[in-house]
Amino acid sequence: MNLQVSAIWMILVLNVVTITGCSNPSGTQNKAKEILDITVSIVPQKYFVRKIGGDRVKINVMVKSGVDFHNYEPKPEQLQALSHAEAYITIGIPFERAWIDKISGANTQLQIIDSAKGIKRLPMINHDHHEHHYDKSRSENATETLDPHIWLSPTLAKIQAKNIYQGLTRLDPNYQVKYLENLEIFLQEIEQLGGQIKENLSQIKNRKFIVFHPAWGYFANEYNLTQIPVEVGGQGPSPAELGKLIKEAKEEKIKVIFAQPELNINPATIIAKEIDGEVLLISPLEPNWSENLLKVSETLSNVLD
């Protein structure tokens, strides 16, 4: 008899829990929104979202530190994890275009926030400067390919920050005032950073630098620099193109080749050896975005005459 009573009691309790959950779905949603589950593509975006979202956001990064994002493919477990996310913040890198439908399909309630909205992209390389270094077909292809590295420009970072703010506000309007306060603080940080970078680079006479992968076009454009890339369109230079690069480096008295730790730096090492120079590593994907850009400007100031 006691067993029967216990069984009936358990059934009643389970029914109450089920009915409560079904009749008050907003309770579960409100609890979930105590912390917003946000996914971004690359590590620097996490810095932006944290600055604006503060402790209201949990941030998942698809492409981890030290990984090249250009040909990245999300892992099955990452797509599965997106089923719990409130929003995915895009930035316009190649794998997003290839995977956005599958990403959205993993969670039909997922909000897509375009942090690159309103940004005019530049070609991967400046055609006028580099058409003499590379064969015509590769040069034309590179000038038609748009540069995704928009987070490396403080001016464009402001636009991205505002887009993130607007997206978080739509998702979580009750915290709009706090998000706006955080945005204004972050915009001030970016403004100060831009001023520091400009000051660091103000005394440079030779404003050309050689970089293995042309990731720094927006940064160079903002501060009146010229990046000379070793690779074009994901391909290293031919022997003839390599010879032209070495010749220009000697003519411009360039002694440092910048390379990314995420990529193969062997071609950069070859050039450095030929010009009796060195390879320095700078990454566009460091987690502390502000500190990284400032450090890059200091490095450029130290090595460029």
From phi via Karplus (6.51, -1.76, 1.60), per-residue ³J(HN,Hα) for region 92-99 in Hz, x at Gly/Pro: x, 7, x, 5, 4, 4, 6, 10
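Just subtract the alpha-carbon distance of LYS255 and ARG170 from 0.36 nm times their residue separation and send over the number in nm, one decimal.
Gain on extension, LYS255 to ARG170, equals 25.6 nm.
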Amide proton proximity set for PHE258, modelled H, under 5 Å, gap of 5+: ILE210, VAL211, PHE212, LEU280
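For the cross-link pairs LYS117/LYS198; LYS102/LYS158; LYS75/LYS255; LYS64/LYS244; LYS158/LYS273; LYS64/LYS158, which exceed 32 Å when the distance is taken from alpha carbon to alpha carbon?
Pairs exceeding 32 Å: LYS75/LYS255; LYS64/LYS244; LYS158/LYS273.
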DSSP beta bridge pairing in region 203-303, given as percent antiparallel to the nearest 5: 10
Estimated inter-spin distance, GLU291 and LYS102, nm [label 7 Å along Cα→Cβ]: 3.4
Under-5 Å amide H pairs with ASN60, H placed in peptide plane, nonlocal only: ILE38, THR39, VAL40
Karplus-derived 3J(HN,Hα), 6.51/-1.76/1.60, for each residue of region 289-298, Hz, glycine and proline x: 4, 5, 4, 5, 5, 5, 5, 4, 5, 5
Other-chain or far-sequence residues with amide H under 5 Å of ILE112's (modelled H): TYR88
Proximal aspartates and glutamates relative to LYS253, as straight alpha-carbon distance under 17 Å, when same-chain residues fewer than 8 apart are discounted: GLU274, ASP276, GLU278, ASP305
Potential lengthening between GLU274 and GLN80 on full extension [0.36 nm per residue; Cα-Cα distance subtracted]: 65.0 nm
Taking only Cα atoms of region 203-303, radius of gyration then Dmax in Å: 12.9, 38
Per-peptide average of other Cβ atoms within 10 Å, ordering 190-196, 267-273 highest first: 267-273, 190-196
Note, ³J(HN,Hα) from phi for region 63-69, Karplus 6.51, -1.76, 1.60, rounded to Hz, x at Gly and Pro: 9, 6, 4, x, 10, 6, 7
Centre separation in Å (Cα based) which lies between region 95-124 and region 48-62: 17
Rounded Å value of the spacing that divides the Cα centres of region 158-196 and region 206-249: 33
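FYI, it's all coordinate maths here, none of it is from the lab. Source: prediction; values computed, not measured. Heads up, the Cβs are rebuilt from the backbone with ideal geometry, glycines too, and the neighbour counts pull from every protein chain shown.
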